[in-house]
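Before any comments, here is the structure.
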Amino acid sequence: MITEKQSERATRLERLRMLKAQGIDPYPSTVARTHTIQEVLNAGDSLKDAHLVLVGRVRALRSHGKTTFFDIEDGTGKMQVYAKRDKLNDGYDRLIETLDVADFIEAKGVFFRTKVGEPTLLAESVRIIAKALEPLPEKWHGLQDPELRYRKRYLDFLVNMDAKKAVERRIALTQAIREFFNAHGFLEVETPILQPIPGGASARPFVTHHNALDTDFYLRVAPELYLKRLIVGGFEKVYEIARCFRNEGMDRAHNPEFTQIEFYWAYADYRDLMQLSEELMSFLLERIVGSATISLGGKEIDCKPPYPRLTFQEALEKKAGIRGVYALPDASLIKIARDKGIEVEAGWGRGRLYDELWKHLIRPTITSPVFLIDHPLELSPLAKRKADSPALTERFQLIIGGVEIINAFSELNDPLDQEERFREQEKAHEAGDEEAQRYDEDFIDALRHGMPPTAGFGMGIDRLAALLAGTHAIKEVILFPTLRPKSDASTHPILQNSPTNAAVHETQQNKHPDAIYPREKALKLLRKHVKNENLIKHMLAAEAVMRALAEKFDGDADLWALAGLLHDIDWEETQDNPHSHSLVSSEYLTQEGVNPEVVQAIKTHNHLHGISPHTPLEKALYSAEELTGLLVACALVQPSKKLAEVSVDGVLKKFGQPSFAKGVNREIILKSEELLGISLEDLIQLELSAMQQIAHEIGL
């Protein structure tokens, strides 16, 4: 059966054929534009009756027999064109027969205003200069799916002005950063992207092979060590806006390739850097936002300096409650980390443990700007020791909205100390820490020749741009974010409603996976994306419920439980846009290697997508997860606030009261009988029993 979109494409191809048959080139190489649209709009009536040539994409088309209006848009603005048969003669009919919305045209004519004051070009001739063979997404209900938006960014920018404004703001940010540092006497430089030794940051690098030299190189993880070589070479103030690459996971704050600015300033220390950072933030906020206040997640954040200081020790001891943290043995740190839901990997030293505890327990809780200062030596292999506390370093990070924006320190310029720290990092690498820094003999040799006291600074431009745009998702400010290659378009949710794809999909889903994504890794992933403890408890409840349903319906208990555990993992990122919920997570869950049937079930469970559940797993998650919220609400109205006091009859009674727990979608729950063949009463009994078994874990 031919779809409406296929019919549209066929019509456009026929119109292309008509143009060629008439000897008209639908893709000419030259145009004769005299003005941009914005220039015309700015000039206003001074151009009245002037002959102009405008170009642009047709965004709207309104034909009324002998007259046609169409809106065209170039890179500066939008304006109306008025075409009349008595003006264009034979060209009018040819235009109407072959012109579509999304085509690019060149229009020659006279500028005037309509009776209602609309700036308009009265066309004397119109020609198509680029024939579009596909319609714009807005004709097909816009471009709502985040995954499709990122894969088809050229369409996203056409139909989503917020997306375009976000990246334009990021471009302006980069220009403003250059202006600031140039004005402060820094020289912009370029250092190698291909490096024989990856250094300058604790990260896993990408490796490539140079055929002519028959040797491996690494894409840089940071430009730091080369910039410091320039300080040794006599350049006192240098900066680089650097494209960097880290072979790590992707989430809302990380992309494998990203842009940062690093600068190095001879004869300065980290105190000077904090002052300059405050000046920089004030300048950028005023230039890009227009005020010192930004909006993030519905909250207004005052970013006006000065910023308070918080030591790393205070953060771990006072805010995380880890008493005497620096005196604890490694085994105690490991136990604390595991108790907090952190999956500790082999080879992690004290520095990595400190860092993971900070990132998991404290950083997400910081909203207003804070300088985190005085990091432990184990966490800062390139920073200078504090003179009065040699176990600590002269380092700071600027945290805003739970995200690290700046990392900076007084640079270590003692070659013997640096050599010793590199050797410790090399040991950590040999023990299995793939993010440990490597021993760089040439950099040590540079330091031996003398580097003056120096301060260095790194700032993620993507993260700052996202923050200023009011989002944590850096994909929104990256023109083309990294995505998993997609070989089969039929897996896209937009196409999954067709009967053919449904059959293929069900066949694929029935295949038993070779290995189920481990629960330990799932918990770590969950903690990475979800900070609200109540939401985590809800997902643990869904995990227990899905395991019970799997046992009842002869499903794979571990697989079904995994779907319950991860089903709302992107809720904190998408709660302001429910249509994105489960689509955002489907991207990074797939990248993490989570079983495809689990990813599909999670994607399907959001009923706003209109994707019908096909497999038993999908049907179970779709209809049963919603009930857990009602059961929690029933527990909370008990005197003890415990599930043990909840009864099936009590839940049925509350189910019949729409005003109770009104956020629970009762229609979805009722579909369980149709989808699973289980009565509401039996479903309540099953889920209540499952949740009671983990009541202590979920605090009920």
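Results, tabulated for the structure shown:
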quantity	calculated
Answer residue from segment 360-418, given it is charged (D, E, K, R) and within 27 Å of the chain's Cα centre (by Cα) and is modelled with the highest pLDDT among those	404
Residue check for residue 268: within 25 Å of residue 394 (Cα to Cα), part of a strand (DSSP E or B), hydrophobic (A, V, I, L, M, F, W, C) and in contact (Cβ under 8 Å) with a residue 40 or more places away in the chain	no
Exclusive hit being in contact (Cβ under 8 Å) with a residue 40 or more places away in the chain, assigned by TED's automatic domain parsing to the domain that holds residue 548 and either under 20 Å from residue 540 (Cα atoms) or part of a helix (DSSP H, G or I) (or both), set 630, 617	617
Residue list for segment 296-325, filter: over 19 Å from residue 395 (Cβ atoms), under 29 Å from the mean Cα position of the chain (by Cα) and charged (D, E, K, R)	299, 300, 302, 304
Hits in segment 91-104 - residues which are farther than 14 Å from residue 24 by Cα and either in contact (Cβ under 8 Å) with a residue 60 or more places away in the chain or not aromatic (Phe, Trp, Tyr) (or both)	93, 96, 100, 101, 102, 103
Entirely in segment 165-265, the strands (runs of 3 or more DSSP E) that have 3 or more residues that are farther than 29 Å from residue 153 by Cβ and in the same structural domain as residue 588 (by TED's automatic domain parsing)	none
Among the candidates 539, 546, residue that is modelled with pLDDT of 90 or more and among the hydrophobic types (A, V, I, L, M, F, W, C)	546
Residue within segment 147-155 that is more than 30 Å from residue 251 (Cβ to Cβ), in contact (Cβ under 8 Å) with a residue 24 or more places away in the chain and of a type outside the set (Val, Ile, Thr) present	no
Single residue of segment 45-65 satisfying the filter (small (Gly, Ala, Ser) and in contact (Cβ under 8 Å) with a residue 24 or more places away in the chain) that is surrounded by the most Cβ atoms within 10 Å (Cβ to Cβ)	56
Every residue from segment 209-222 that is surrounded by 11 or more Cβ atoms within 10 Å (Cβ to Cβ) and farther than 23 Å from residue 428 by Cα	210
Answer from 444, 399 - the residue that is buried (at least 17 other Cβ atoms within 10 Å of the Cβ) and either part of a loop (DSSP other than H, G, I, E, B) or assigned by TED's automatic domain parsing to the domain that holds residue 276 (or both)	399
Positions within segment 187-217 being among the hydroxyl-bearing types (Ser, Thr, Tyr) and touching a residue at least 60 places away in the same chain (Cβ under 8 Å), in sequence order	202
Which numbered condition residue 391 misses (of (1) assigned to a strand (DSSP E or B); (2) crowded, with 21+ Cβ neighbours inside 10 Å)	(2)
Some residue of segment 37-47 being within 17 Å of residue 80 (Cβ to Cβ) and either outside any helix (DSSP H, G or I) or among the β-branched types (Val, Ile, Thr) (or both)	yes
Close pairs (6 angstrom Cβ cut-off, 6 or more residues apart or separate chains): not assigned by TED's automatic domain parsing to the domain that holds residue 683 in segment 548-563, outside any helix (DSSP H, G or I) and surrounded by fewer than 16 Cβ atoms within 10 Å (Cβ to Cβ) anywhere	none
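Conditions (1) within 30 Å of residue 445 (Cα to Cα); (2) touching a Phe, Trp or Tyr at 6+ places or on another chain (Cβ under 6 Å); (3) at pLDDT 95 or above; (4) crowded, with 19+ Cβ neighbours inside 10 Å, marked per residue:
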position	(1), (2), (3), (4)
224	yes, no, no, yes
247	yes, yes, no, no
254	no, no, no, no
262	yes, no, yes, yes
267	yes, no, yes, no
272	yes, no, yes, no
281	no, no, yes, yes
314	no, no, no, no
326	no, no, no, no
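The values are calculated or read from the model by the stated rules, or taken from the named source; none is laboratory data. Values in this document were obtained by computation on a predicted structure and should not be read as measured data. Note that each Cβ is placed from the backbone with ideal geometry, even for glycine, and that neighbours are counted across all protein chains shown.
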